[in-house]
Amino acid sequence: MRILIYGAGVIGSFYAALFSEAGVETAVYARGNRLKILTQQGLQYETDRQIKTANVNILSTLATDDIYDFIFLTVRESQLHQALTELAANHSSYIVTMVNSLENYSVWEQICGPNRIIPAFPGAGGSIEDGVLHAALTPKVIQPTTFAILHQTQNKQAQELKVLFSRAKIPYQQVADMHAWQICHLAMVVPIADAYYEASDPQYAGKDRLVMAHTAKDLQTNFKKLAQCGIKLSPKKMHIFRFLPLFLLRFILSLTFQSKFGNIFMYRHAIKAPDEMRTLHEQFYNYLAHLSS
């Protein structure tokens, strides 16, 4: 199996490292300063308190006849259309889109070609410091790598993805409706990111009782509105945000924000990607207003 990771940020670099560790032939497409770093020192990542270099091919261009079993697209939402336009010329059949977005998947297939999109979302987080990747998988009980197929003709590819993730020891789940899953994901992560931007000291947002109270209220309101508008909450555990008493939700949020998990998977991304999260904030609440109208 041949895999291309298109995008060499935290998520792309981490999945590339995991696939290469599992012995999968893996290439990484990068550009700009990240390409320069990868070309000079390779894809370096921390594991078990050691710095290793992943056995991956670093690409600055992608030929039309350079064929992969799957292309994992790991770019920001603002870069998505450009990336899909570039990938339209490549003859690989399937693009696994690990992107935060509410856009209809049919729009993406209009750009890159029919039956190519397999929507997904990563279960990982971390940072790149001095060119070295420091990342970890999200605990399976919280958020495994999630994907769905859009067409019945992709059943074979779904099984191949499961084998690939299992081989790389990546927890995963296949859901029936990826769009609903992503709506629910944004209903959760947008208020969490907002909390960091609202706090006077973002690193200690979990200690700010007023910020935590606002975040708890926003989370509960979001999921109540989604349920009222007929959106099937996915995964089912998201219903907890509808029914948990606000004081208890605020307490749990405070502990989570102050935990190691919160630092790795919430704080780092919110602080390093404020423009992306604010754009997603606007998209989500516009979507919610449209649903309610």
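The values are calculated or read from the model by the stated rules, or taken from the named source; none is laboratory data. What you are looking at is a predicted structure, and each value in this text was computed from that prediction instead of being measured. A quick note on method: Cβ atoms are made from the backbone with ideal geometry, for glycine too, and the neighbour counts reach across all protein chains shown. Surface accessibility is based on the protein's heavy atoms, side chains included, excluding ligands, DNA and RNA. Shrake-Rupley method; radii C 1.70, N 1.55, O 1.52, S 1.80 Å.
Brief remarks on what is shown
- Using a probe radius of 1.4 angstrom, the carbon and sulfur fraction of the accessible surface of the chain is 52%.
- The stretch between LEU35 and ILE271 holds 82.7 nm of extra length on full extension. This uses 0.36 nm per residue minus the Cα-Cα distance.
- Relative contact order of region 136-293: 23 percent, from C-alpha pairs under 8 Å at least 6 residues apart in sequence.
- Cα centroids of region 1-80 and region 103-158: 15 Å apart.
- Heavy atoms of the protein chains alone define the surface here; on that basis the chain has 47 Å² accessible area per residue at 1.4 Å probe size.
- Prolate/oblate/rounded call for region 224-293, Cα gyration tensor, a/c under 1.5 rounded: oblate
- For ILE5, the residues whose modelled amide H falls within less than 5 Å of its own, excluding neighbours fewer than 5 places apart on the same chain, are ALA27, VAL28, TYR29, PHE72.
- With both residues required to sit in the chain, DSSP beta bridges show an antiparallel share near 35%.
- Computed over region 1-74, the P(r) tail beyond 18 angstrom holds 31 percent of alpha carbon pairs.
- Rounded if a/c under 1.5, otherwise prolate or oblate - region 83-215, Cα gyration tensor axes: prolate
- THR47-LEU102 FRET efficiency (beta carbon distance; Förster radius 25 Å; 0.05 resolution): 0.15
- Compactness relative to 2.2 N^0.38 Å, alpha carbon Rg of the chain: 1.00
- When the C-alpha to C-alpha distance is required to be over 29 Å, the pairs from LYS52/LYS237; LYS140/LYS207; LYS52/LYS236 that qualify are LYS52/LYS237; LYS52/LYS236.
- In terms of its C-alpha gyration tensor, region 174-293 comes out prolate, because a/c is 1.5 or above and the ratio a/b outweighs b/c.
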